[in-house]
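Enquirer: This is the structure I want to talk about, given as structure tokens.
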Amino acid sequence: MWSLPRPDIEARDLYRTCTASVRDANRQARLARFETSVTAAATRYAAAAADAHLHTLTDLQDQPADIDDRAELRRAYSESLVRSTTGRIYYEELLASAPRNRCPFCGHRDVATLDHQLPKASYPLLAITPDNLVPACWDCNHRKNDAVPTTAATQTLHPYFESAEGSRWLFARVVSLDPAAVIFFADPGPIFSETMRARISHQFNQFRLAALYGTQAARQMAGERRLLANLRQEGGPPAVVKHLRDVAGSWAASSLNCWQHAMYEALAADPGYVGHGHGP
């Protein structure tokens, strides 16, 4: 749900590069026939993505009509972009566009692959369209899989065209003190539209972010147990609250909706955690 810079790569140029890398003359000629269709599809895609309407591109599904043509277009991605020397340059460029190598879907794990925002299994014409190729971690790519959005509410936010960082939507609360544990939840505020709130909540559940963040938070709290115990002994609960709020603010400056911000804020607001901590 975090934004990325849009690729500075023209769809037609990338398609021509991939087509030119195909050694078999018949396959190359076959792919060349679809250059206009691929370019037109990329133009429509960009307009729909900018309006959060990718779910409306139903007429592009399973095109072209011939099953072998669709297979060739998908093969162009795997062989001419991922594995060819010339195409791989663009592949690596797209991977490198993620700031700090952070997956835009979970905001936590490292980027390891390119995800098709609209799956190539259903949209072969968009298999090597730069705007449709988003750097992602393995886990989020697997969670997203080949799901095709059918409504605005189930459409995954597009990192190149959208951002959910305009306001707060990620929160946490303490659910246990021994051992310490917090639970994360999505609660988008009224600044978001009704559809956007539904999309954020859907994506939070789709990528199982509550479980991911909960695990990381448990490890973080375990590592800081001695530090907080010392603060309680030296300055009492006020010292603990100040520390937790300071850390929460520091993380918020980096990303308003990162799990660290939500966790530290929740800990600072919980009297039981602040005053007594947790057992071994």
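Enquirer: For Ala181, which sequence-distant residues (separation of 5 or more, or a different chain) have an amide H within less than 5 Å of its own amide H, given hydrogens modelled in the peptide plane?
Expert: Val175, Ser176
Enquirer: Would you please give the residues with an amide H less than 5 Å from that of Asp115, counting only those at least 5 places away or on a separate chain, with H modeled from the backbone geometry?
Expert: Val134, Ala136
Enquirer: From the backbone phi of region 68-75, what are the Karplus-calculated ³J(HN,Hα) couplings (6.51 cos²θ - 1.76 cosθ + 1.60, θ = phi - 60°) in whole Hz, Gly and Pro given as x?
Expert: Each residue of region 68-75 in turn: 6, 5, 5, 5, 5, 5, 5, 5 Hz.
Enquirer: Can you pull out the trypsin sites (Lys or Arg not before Pro) in region 166-212 whose DSSP state is coil and whose Cβ has at most 16 other Cβ atoms within 10 Å?
Expert: When the trypsin sites (Lys or Arg not before Pro) of region 166-212 are filtered for loop state and at most 16 Cβ neighbours within 10 Å, Arg208 remain.
Enquirer: Which of Ala164, Ala136, Ala29 ends up with the largest GNM mean-square fluctuation for the chain, with Cα atoms connected below 10 Å?
Expert: Comparing Ala164, Ala136, Ala29 in a Gaussian network model of the chain, the most mobile one is Ala29.
Enquirer: Report the Cα centroid-to-centroid distance between region 1-26 and region 38-60 in angstrom, as an integer.
Expert: 17 Å
Enquirer: Over region 133-224, with the other protein chains present, what is the accessible area per residue in square angstrom, probe 1.4 angstrom? The partial results should precede the final answer.
Expert: Details: 4190 Å² over 92 residues.
Normalised by residue count, the accessible surface of region 133-224 is 46 Å².
Enquirer: May I pose another question? Per the 1.4 Å probe, what fraction of the accessible area of the chain, in percent, lies on carbon and sulfur atoms?
Expert: Working: 6550 of 13090 Å².
The value for the chain is 50 percent carbon and sulfur by accessible area.
Enquirer: Related question: Step through the residues of region 195-203 one at a time and calculate ³J(HN,Hα) from phi using the Karplus curve (6.51 cos²θ - 1.76 cosθ + 1.60, θ = phi - 60°), rounding each to whole Hz and writing x for Gly and Pro.
Expert: 5, 5, 4, 5, 5, 4, 5, 4, 5
Enquirer: Residues with amide H under 5 Å of Glu165's amide H, sequence separation 5 or more or different chain, H placed in the peptide plane at 1.01 Å from N; which?
Expert: When sequence neighbours closer than 5 places are left aside, there are no close amide H contacts.
Enquirer: Among the Cys residues of the chain, which have no other cysteine Cβ under 4.7 angstrom away?
Expert: Flagged as lacking a Cys partner: Cys18, Cys106, Cys140, Cys258.
Enquirer: Counting Lys +1, Arg +1, Asp -1, Glu -1, what net charge surrounds Arg27 among other residues with beta carbon under 10 Å of its beta carbon?
Expert: Its environment carries a net charge of 0.
Enquirer: Only four residue types carry charge here, +1 at the Cβ of Lys and Arg and -1 at the Cβ of Asp and Glu. Report the dipole size of the chain about the Cα centre in Debye, rounded to the nearest 20. Please report the intermediate quantities before stating the final value.
Expert: Details: 30 positive and 30 negative charges, 106 e Å.
In total the dipole reaches around 500 debye.
The values are calculated or read from the model by the stated rules, or taken from the named source; none is laboratory data. Here the structure is a predicted model, which is why all the values come from computation and not from measurement. We place every Cβ from the backbone using ideal geometry, glycine too, and count neighbours over all the protein chains shown. Ligands, DNA and RNA are excluded from the accessible area calculation, which covers all protein heavy atoms including side chains. Shrake-Rupley method; radii C 1.70, N 1.55, O 1.52, S 1.80 Å.
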